[in-house]
Amino acid sequence: GLDFLRRVLRKQGCDIMTVLPACVGPFLGSRKAGSTEILDVTFVDDEAIILMCSSARQMLKAIAIVNEQVFHVFARLDMELNFGPAKSECLLKLRGKQSFELLETLRDAEGKLSFQMPNGQRLYIVG
């Protein structure tokens, strides 16, 4: 499922890369500095997708793409995302020009920050 999601996100222009420094350590081993793909961190049935963008506007576009694609990939695999309290949530930090204004566009009728998912449910921003 995660490989399929990675391919779908690539087709949408969401290659998730970061530059890591060279390091030597007991857990990471030895490696040279350079770009490394980072898509997710998975533990049993918990999934975290990491996004980093150069602007607040780009971040919101990337989140919209990821939300839509994750929802559709899970549905295609007959898996249902749980949007109950403390189940599916988004940690978000916007920086730069218009960050505050863009964040405020995500405020729902109840005053909570959230993204609307394709099925109409809300993915709440926490933290």
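As a test question: what accessible area, to the nearest 10 Å², does residue 93 have when a 1.4 Å probe is rolled over all protein chains in place?
The accessible area of residue 93 comes to roughly 140 Å².
Select from segment 51-127 those GluC sites (Glu not before Pro) which occupy a DSSP coil region and have at most 14 other Cβ atoms within 10 Å, ordered by residue number.
80, 110
May I ask you to rank 108, 3 by accessible area, largest first, using a 1.4 Å probe over the protein chains only?
Largest accessible area first, the list is 3, 108.
Could you give the length gained on full extension between residue 97 and residue 109, defined as 0.36 nm per residue of separation minus the Cα-Cα distance, in nm?
1.8 nm
Rounded to the nearest percent, how much of the accessible area of segment 39-127 (1.4 Å probe, protein heavy atoms only) is carbon and sulfur?
54
Considering only C-alpha atoms, what is the centroid distance from segment 105-127 to segment 67-101, in Å?
Spelled out, the Cα-based centre of one part sits 9 Å from the other.
Taking the simple approach of a point 7 Å from Cα along Cα-to-Cβ for both residue 6 and residue 122, what is their distance in nm?
If labels sit at residue 6 and residue 122, their model points lie 3.4 nm apart.
The values are calculated or read from the model by the stated rules, or taken from the named source; none is laboratory data. Since this is a predicted model, take the numbers as computed values, not measurements. Reconstructed Cβ throughout: ideal geometry from the backbone, glycine too, with neighbour counts over all protein chains shown. In case anyone asks, the SASA skips ligands and DNA or RNA and just uses the protein heavy atoms, side chains included. Shrake-Rupley method; radii C 1.70, N 1.55, O 1.52, S 1.80 Å.
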